[in-house]
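So the structure is just underneath, and the comments pick up after that.
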Amino acid sequence: MSKDILVIGGGIAGMQASLDLADMGLQVHMVEKLPCIGGKMAQLDKTFPTNDCAM
Amino acid sequence: MEKVTGSNGDFAVTVRKKARYVDEDLCTGCGACAEKCPTTVPDEFNMGLGKRKAIYKYYTQGIPSTFCIDAVHCRTFQKGKKCGVCEKICQAKAIDYKQEDKILELKVGAIVLAVGYDLFDAAKLPEYGYGRITNVINALEFERLLSASGPTEGHVERLSDLRDHELIHSGEKKLKKATKTLGKYEKKHKKSSADFYKEFTAGNISDGDEFAKWAKQYESVQEATKKLEALKAKAEKFDVATRLAFIQCVGSRDFRFNKYCSSYCCMHSIKEAMIAKDHEARTDAYIFNMDLRTVGKGFEEYKVRGAEKTGLNYVRGRVAEITQDENENPIIWYEETTSQTPKSLTVDLAILAVACEAPKGIEKIAEMVGVELDHNRFFKTDPLNPLDTTVPGIFVCGCAQGPMDIPESVAQASSAASRAAEAVAGKA
Ligand SMILES: Cc1cc2nc3c(=O)[nH]c(=O)nc-3n(C[C@H](O)[C@H](O)[C@H](O)COP(=O)(O)OP(=O)(O)OC[C@H]3O[C@@H](n4cnc5c(N)ncnc54)[C@H](O)[C@@H]3O)c2cc1C
Ligand code: SF4
Ligand code: SF4
């Protein structure tokens, strides 16, 4: 039995899930296939509906 | 991830940690190595529109900030070539060509699948010319053109102009080198190349291999200069791209490919058109759509603002074909359904709103963890339990579940986190 959680994918969904889990005090392992996390969102210039910078 | 065994509350997972060939604890992310690395390759992050080195960081603000070596392109990893430049440059001694992949064995109570999506390959739709017509691009490529940290620093340029600028740049470099060689002949024989060539072609100088080479070199320099001048004259005529056509539902709502609506692309095209107009006030943007689907909090108002404040043109009708004119400008052929007339419009860039598809390799992940996929290849869920896969203890969120935008992905992620926490509560 383990209380650790595995998150596969480090895009916005994976990052948000991991942060929430860590905030709950759980140990999270995140696996990302690319050299950096961020996923597609990091490639966007600005995002709707606020047109804020995606970074 | 390589292997998963066990069940809810008790999974054993094997993960391969790929070698970066750079020590994470030592690398300071200074970038000195990449500056000196002699190997240049197309940059995936910028959709191949820019360049990066063989030792690189995926993107400037990327986390972790550790650099990594792309062993497929790095000279040190390619047989027969010596390099080792980065190792010499790195003051932190972080480079480690011998680093190996590490196998990690993890014990976890729950798994969250957040593997996202891939873009539909627009080349599957030959009538739109993607991959054949240079100035037809996809929406993510356009995002990189809009970005201040992108390959054009936020200037919206036609891809054909970018290509020509690149050709001018490399042409100038080559010409400089070739002119230098001419200079050597001139110095040796104390004669200008033009004078020599006149004599040579008049038949006054005939003997000697070297003279033939000199003449040939002179001819090629003349030709290269002419070509370069023509390219420059052509490049001068073009400014930033101001006439933009956004083509909706490319690979979505199309019975040949994906029947579903990708949900976020109407909004991202409106957004991209607004930003382009913000960067360049002369921009004329047309969004070709069957209907603009702007479902979400504040989205409809966003669409109306786009038309009324920003002056975007929404054209109702599905585009039939894209061709190009002699200046490589895309011509959009469409039926304007409101007046039932076939029409065409010439633009500088055509931007395809490509569908959101389940990521490549999702079948492999599904098989490894034992979950089912739905008929669109996304992870299968139940409408009343949208985060639960078909295996207890394994959850899904974001576009791996189906097409959705960022606000929805974030909401799902927080919910999936709660479901996963619930699954391990009271365990161990
Ligand atoms: C052109 C364009 C513009 C957009 N603009 C907006 C916008 O303005 N506003 C908005 O709300 N939405 C926008 N979207 C939608 C937005 O991109 C998505 O909603 C969001 O990125 C989904 O996040 P995700 O984490 O689910 O997926 P992704 O961002 O795809 O992240 C998935 C991550 O998982 C990794 N991964 C995949 N397979 C594996 C594996 N086998 N092992 C390990 N890791 C893996 C990937 O490398 C990636 O990092 C836009 C989309 C496009 C195409
Ligand atoms: S590997 Fe060395 S030179 Fe390259 S970024 Fe890291 S510390 Fe700097
Ligand atoms: S969101 Fe708009 S462009 Fe995207 S598939 Fe749906 S209707 Fe077509």
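Residue-level analysis places A:GLN27 among those that are open to solvent by 40 Å² or more (accessible area, probe 1.4 Å) and more than 12 Å from ligand 1 (Cβ to nearest atom).
Within the set A:ILE5, A:ILE12, A:ILE37, the sole residue that is in contact (Cβ under 8 Å) with a residue 24 or more places away in the chain, facing another protein chain (nearest Cβ under 7 Å) and surrounded by fewer than 20 Cβ atoms within 10 Å (Cβ to Cβ) turns out to be A:ILE37. When the stretch A:15-24 is filtered for residues that are open to solvent by 40 Å² or more (accessible area, probe 1.4 Å) and within 7 Å of chain B (Cβ to nearest Cβ), the ones remaining, listed by number, are A:GLN16, A:MET24.
Return the total of residues in the stretch A:40-55 being part of a loop (DSSP other than H, G, I, E, B), facing chain B (nearest Cβ under 7 Å) and either crowded, with 24+ Cβ neighbours inside 10 Å or hydrophobic (A, V, I, L, M, F, W, C) (or both). Looking only at that region, the number is 3.
Is there a residue in the stretch B:51-73 that is polar (S, T, N, Q), away from ligand 1 (no atom under 16 Å from the Cβ) and free of Cβ contacts under 8 Å to residues at least 24 places away in the same chain? No, the stretch B:51-73 has no match at all.
Scan the stretch B:22-31 and give yes if some residue there is in contact with a Pro (Cβ under 8 Å, 6 or more places away or on another chain), within 14 Å of chain A (Cβ to nearest Cβ), closer than 26 Å to B:ILE111 by Cβ and open to solvent by less than 20 Å² (accessible area, probe 1.4 Å), otherwise no. Checked against the condition, which is being in contact with a Pro (Cβ under 8 Å, 6 or more places away or on another chain), within 14 Å of chain A (Cβ to nearest Cβ), closer than 26 Å to B:ILE111 by Cβ and open to solvent by less than 20 Å² (accessible area, probe 1.4 Å), the stretch B:22-31 yields no hits at all.
Here B:ILE287 meets the list (1) more than 13 Å from ligand 1 (Cβ to nearest atom); (2) open to solvent by 50 Å² or more (accessible area, probe 1.4 Å); (3) within 14 Å of another protein chain (Cβ to nearest Cβ) almost entirely, failing just condition (2). Residues in the stretch B:393-428 that are β-branched (Val, Ile, Thr) and either in a loop (DSSP other than H, G, I, E, B) or within 16 Å of ligand 3 (Cβ to nearest atom) (or both): 1 in all.
Find the residue count for the stretch B:329-339, including only residues that are at pLDDT 95 or above and either part of a loop (DSSP other than H, G, I, E, B) or of a type in the set (Asp, Glu) (or both). Selection size over the stretch B:329-339: 1.
Checking the conditions here, which among B:ALA320, B:ALA235, B:ALA273 is without any contact (Cβ under 8 Å) to a residue 60 or more places away in the chain and outside any loop (DSSP other than H, G, I, E, B)?
Exactly one of B:ALA320, B:ALA235, B:ALA273 is without any contact (Cβ under 8 Å) to a residue 60 or more places away in the chain and outside any loop (DSSP other than H, G, I, E, B), namely B:ALA273.
Mind listing whichever residues of the stretch B:249-264 are within 13 Å of ligand 1 (Cβ to nearest atom) and either in a loop (DSSP other than H, G, I, E, B) or open to solvent by 10 Å² or more (accessible area, probe 1.4 Å) (or both)? Result: B:GLY251, B:SER252, B:SER262, B:SER263, B:TYR264.
In this structure, is B:GLY402 within 10 Å of chain A (Cβ to nearest Cβ) and on the phi > 0 side of the Ramachandran plot? Steps first, please.
Values: within 10 Å of chain A (Cβ to nearest Cβ): no; on the phi > 0 side of the Ramachandran plot: yes.
For B:GLY402, the condition - within 10 Å of chain A (Cβ to nearest Cβ) and on the phi > 0 side of the Ramachandran plot - is not met.
The single condition from (1) open to solvent by 50 Å² or more (accessible area, probe 1.4 Å); (2) more than 23 Å from the chain's Cα centre (by Cα) that B:GLN324 fails is (2). Taken over the stretch B:160-176, the residue count meeting the criterion of being open to solvent by 90 Å² or more (accessible area, probe 1.4 Å) and among the charged types (D, E, K, R) is 4.
The values are calculated or read from the model by the stated rules, or taken from the named source; none is laboratory data. Treat the numbers as computed from the prediction; the structure is a model and nothing was measured. A quick note on method: Cβ atoms are made from the backbone with ideal geometry, for glycine too, and the neighbour counts reach across all protein chains shown. What goes into the accessible areas is simple: the full protein's heavy atoms, side chains included, and nothing from ligands, DNA or RNA. Shrake-Rupley method; radii C 1.70, N 1.55, O 1.52, S 1.80 Å.
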